[in-house]
Amino acid sequence: MARILLVDDAPAEFALGQSFLGRAGAFALVSGTDEEVLDRIRALRPDVVLLEARRSGKSALARCRAIRADAAIARTPVVFLAAPADAPRCLAAGGDGVAARPLTVARLVELVRKLVPVREREHDRAALTARVRVMGNGHEGLGFTRDVGAGGLFLHTGEPCVRGELVELAVRMPMRGEDEVRAAGRIVRLEAVSDSAGVTGVAVAFEHLSPRDRIEMARFAREHTRGVA
């Protein structure tokens, strides 16, 4: 399940939302000041932010605008939990969608399916620890894969990465020996792995991969898949 962040100012309703999202495999956050909310979004890098727009909804609208104005998190999908009549204001503030209450698990899953890039999950993937060179935005760094497939890979790296960034990859695959598999892909998800070591988990969906490499990656994944989550 995607990582979902609920921003809600009402403690009682927040407790209900936290319980609901917990059952859905996500997580929730009771909001503090606007800057505290932005800090948590920057730190947690959720796949989707749910902004509860109760009453006038002015705070939620302002927070959405602040998210869009922050380059580090501007691409984060934002969905308002609001009345249908408030949809035009929510979308004008930069929201990606508006969900009416009550939000069921089925509707939450559908929202995530629409808003979160999951192409790297649509193919067989195999657990693999292999060295990978990551090149993007004028810098080059090293990382190690956690799993790979024809649609993308997940790697751990200490290099700075930005969601939505296009990167070039050179992966040492077992079937290729010293000959690296070259690919270009877009970063679709970031996960904190170790705050102390500065290591980040990075999901990359391939956008450019040669037909030969795609076939070989798909074959490797089929032959070595062990139920990667």
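A short reminder: the numbers here are calculations on the coordinates, not readings from a lab. Owing to the predicted nature of the structure, the values given are computational and were not obtained by experimental measurement. When we count neighbours, we look across all protein chains shown, and the Cβ atoms used for this are built from the backbone with ideal geometry, even at glycine.
Net charge dipole, the stretch 120-224: roughly 180 debye, given to the nearest 20, about the Cα centre with Cβ charges of +1 for Lys and Arg and -1 for Asp and Glu. In terms of surrounding Cβ atoms within a 10 Å radius of their Cβ, T76, T33 rank from fewest to most as T33, T76. Placing unit charges on each Cβ (+1 for Lys and Arg, -1 for Asp and Glu) gives the stretch 120-224 a dipole about its Cα centre, and among T145, H224, V162 the Cα reaching farthest toward its positive end belongs to H224.
Please give the net charge around D213, taking every other residue with its beta carbon less than 12 angstrom from that of D213, where Lys and Arg add +1 and Asp and Glu add -1.
Numbers: positive: R176, R182, R212, R214, R219; negative: D179, E180, E216.
Here the count lands on +2.
Comparing V171, T200, L190 along the charge dipole axis of the stretch 120-224, the residue lying farthest to the positive side is V171, per the Cβ-charge model.
What order do you get for R68, R189 when you list them from fewest to most C-beta neighbours inside 10 Å? Don't skip to the end; give the middle numbers.
Details: R68 16, R189 22.
By the 10 Å Cβ count, ascending: R68, R189.
Using a 10 Å cut-off around each Cβ, can you sort S59, S210 from fewest to most neighbouring Cβ atoms?
On the way: S59 18, S210 11.
In order of increasing Cβ crowding within 10 Å: S210, S59.
Under 1.5 on a/c is rounded, so check that first for the stretch 120-224, then, if it is not, pick prolate when a/b is larger than b/c and oblate when it is not; a ≥ b ≥ c are the square roots of the alpha carbon gyration tensor eigenvalues. Verdict is prolate for the stretch 120-224.
What net charge do the residues around H156 carry, taking every other residue with its C-beta under 12 Å from that of H156, with Lys and Arg at +1 and Asp and Glu at -1?
Values: positive: R131, R146; negative: D147, E159, E191.
With Lys, Arg at +1 and Asp, Glu at -1, the neighbours total -1.
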